[in-house]
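The values are calculated or read from the model by the stated rules, or taken from the named source; none is laboratory data. A quick note: this is a predicted structure, and the numbers were derived from the prediction, not measured. Cβ placement follows ideal geometry from the backbone for every residue including glycine, while neighbour counts extend to all protein chains displayed. Only protein heavy atoms, including side chains, enter the accessible area calculation; ligands, DNA and RNA are left aside. Shrake-Rupley method; radii C 1.70, N 1.55, O 1.52, S 1.80 Å.
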Amino acid sequence: MSQAVRMAAVRSLLAALAAAAGCVQTPAGVSAAPSWWRDRVAYEIFVRSFADSDGDGVGDLRGLTARLDYLNDGDPATTADLGVDAVWLMPVFPSPSYHGYDVADYRGVNPQYGTLADLDAFVQGAHRRGIKVILDMVLNHSSSVHPWFQDSQQGPAAARRAWYSWRDALPTTGWRRPWDGTLAWYALNGSYYYGLFSPSMPDLNLGNPAVEHELVDSMKFWLARGVDGFRLDAVRHYFESADGVVVDQPESHAFLRRIRTALEDDHPGVLLVAEAWAPLEIATTYRGSGDEAQLGFAFDLADALVGAAGSGDAAAVVNVLARTEAALPGEARAFDAPFLSNHDQVRVMRALGGDAAAARVAAAALLALPGTPFLYYGEEIGMQGGAASDDRNKRTPFRWTAAAPGYGFTTGSAWFSATEATGVDLASQQADPASLWNAYRRLVALRHAQPALADGDAVRPAVTGGGPGAFALLRAGAGQRVLFVANFAAAPTGAFSVDASGTPHTLESEGLAGPPVPGGGKLAFPGLDARAWAFLQLE
């Protein structure tokens, strides 16, 4: 009996036992292993821009490993670490580009970042501190310098010709990039190949079983080395229709189901995080029936949070949360991976025009939400990055100290740099109890300390009064209730009430005018200052 057959028999037996006991069943082909990510706060890192160990101006794995205690030193009693407990590394594989999203070897390490042994040491060091490791996995396309493509371009008889999409003539309809309308076929050696994102990133033919097998084996290679999961780039574009519709094809969902099942056969706790940059009603379909990705980035919610903090109106957040509740009812809500910004977006502090108070209320709201939140490196110290539109400006080196020119990132000349305001460095902010960094640290610690915040249900109680910026969210779990209230506006709320009962005890707050008074199933608040917030335990 093959391993796959044995695993199927075990799943059938477990499902039958669960049904007999009246339990909720796990979807067929899906592991029932503990969802370790449910109570985590994750942190996105661009290795090139985090810490340089050798002075060449490029961040590397040894530098990152040396800074692990900043992320989480493994001791909850200390206060010098941020306290995150999962990291997502942008691509670490060999690549001809600075960003790494054109992979030249799925089982290697970019020599600018170090060696395979350096990555192993990082994973081991992270695990010793209780930090899980998520690698960025680019399955949609490879680099044009990958040996697979180099073989494929040799002609119709090439061994790996069918690993990519080739045609003798240009298509007349479809096959255009959705964001700019450009035809995504490129001439080479008398034929045309398909590359949605650029000619240097030819799309892999994921419908070819040999390609799928090789990619799954590459993912298993990393899982066997201790990696805990993968962020899946560009899942909406894995497959195309015959007439060139390049997004959201049924085959993409089937592919996700197959790779999850294949990975879980050997690694039941593996996490898949989907990057489906689309309205949430589309993005959430990449959860499938609980059998595709376990997490998906909440792009609409990110826009709403940053927009509310900038405009002072909570309406967009309320609207997106209502839509999310409809798209992800009940337990499915855990699919959400909320965030404020990432490597493809203008940094939060720049989007908010340098308004530190707006950034603080956005951070508090992020860490009040259900799901698994992700922070972008440097967000916690208010980095703005560069002003230009080039993506490098969103991925500038982390500022560890105020000392120019390397700012603690490098002893040499940084690969790329941007001007930041005075005080936008870790050392300065760790020394200031009122800093943005200390606010983030307290918020992360609060989320870990309160089970209702880490993994509880969420409802939006009615708010009466308080103006357009007033917002409330009630989290409940493990016999505990925590009420989050916020004022996104740049003016105080005045008195308002929230439909929530119980005796309130303040856990963390900024700008709470006074303790709320319970009565008649409501909490009467004297007010919140501009861009203020509070977490209250209700007993």
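Which log10 I(q)/I(0) values does region 215-310 give at q = 0.10 Å⁻¹ under the Debye formula, counting every alpha carbon as one identical point scatterer? The calculated log intensity ratios at q = 0.10 Å⁻¹ are -0.30. Only Lys, Arg, Asp and Glu carry charge here, each on its Cβ (+1 for the first two, -1 for the last two); on that basis region 227-319 has a dipole of about 100 debye about its Cα centre. For region 432-495, a crude dipole built from +1 on the beta carbon of Lys and Arg and -1 on the beta carbon of Asp and Glu, taken about the Cα centre, is about 60 debye to the nearest 20. Placing unit charges on the Cβ atoms of the charged side chains and taking the dipole of the chain about its Cα centre, the candidate lying farthest along the positive direction among Trp175, Ala490, Asn342 is Ala490.
Each Lys or Arg adds one and each Asp or Glu subtracts one; over the other residues with Cβ under 13 Å from the Cβ of Leu443, this totals 0.
Charge tally for Ala315 (other residues, Cβ to Cβ under 14 Å; Lys, Arg +1; Asp, Glu -1): -1. So how far, in whole Å, is the C-alpha centre of region 317-370 from the one of region 221-287? Going from one Cα centre to the other spans 22 Å.
When DSSP beta bridges are restricted to pairs lying wholly in the chain, around 65% turn out antiparallel.
Ratio of Rg to Rh for region 32-136: 0.98 [Cα atoms; Kirkwood radius as inverse mean 1/r over pairs]. By the scheme Lys and Arg +1, Asp and Glu -1, what is the net charge of all other residues having a beta-carbon under 12 Å from that of Gln154? It works out to a net charge of +1.
If every alpha-carbon in region 142-266 counts as one equal scatterer, what log10 I(q)/I(0) does Debye give at q = 0.13 1/Å? Once normalised to I(0) and log-transformed, intensities are -0.56. Dipole of the chain computed with +1 at Lys/Arg Cβ and -1 at Asp/Glu Cβ about the Cα centre; of Ser509, Phe122, Pro156, farthest Cα towards the positive end is Ser509. Given the protein chains as shown and a 1.4 Å probe, how many square angstrom of Asp391 are accessible, to the nearest 10? Roll a 1.4 Å probe over it and Asp391 shows about 50 Å². What separates the Cα centres of region 135-205 and region 67-108 is a distance of 30 Å.
For a test of the definition: using alpha carbon positions, the gyration tensor, and the 1.5 limit on a/c, classify the chain as rounded, prolate or oblate. Cα axes put the chain in the prolate bin. Over the chain, DSSP H runs of length four or greater, each weighted -39,500 (n - 2.57), average out per residue to a 222 nm ellipticity of -8000 deg cm²/dmol. Solvent-accessible area per residue in the chain equals 37 Å², computed with a 1.4 angstrom probe and all protein chains kept.
The alpha-carbon of Lys522 sits under 16 angstrom from the alpha-carbons of these aspartates and glutamates, leaving out residues fewer than 8 places away in its chain: Asp499, Glu539. Angle check, please: helix 436-449 long axis (alpha carbons) against the longest principal axis of the chain (alpha carbons), in degrees 0 to 90, nearest 10. In the chain, helix 436-449 runs at an angle near 90 degrees to the longest axis. Shape verdict for region 427-519, please, from the Cα gyration tensor: rounded (a/c under 1.5), prolate (a/b greater than b/c) or oblate. Oblate is the answer for region 427-519, as a/c is 1.5 or above yet b/c matches or exceeds a/b.
Mind checking which of Ser413, Ala402, Pro451 is farthest towards the positive end of region 396-514's charge dipole, using Cβ charges of +1 (Lys, Arg) and -1 (Asp, Glu) about the Cα centre? The residue sitting farthest along the positive end of the dipole is Pro451. Relative contact order, whole percent, for the chain stands at 12, derived from Cα pairs under 8 Å and 6 or more residues apart. Simple point charges give the picture: +1 on the Cβ of Lys and Arg, -1 on the Cβ of Asp and Glu, and for the chain a dipole about the Cα centre of about 500 debye. Starting from the Cα of Ala476, step 7 Å toward the Cβ, then list every residue of region 326-360 with an amide N under 15 Å from that point. In region 326-360, the label zone of Ala476 (backbone N under 15 Å from the point 7 Å along Cα→Cβ) covers 330-331.
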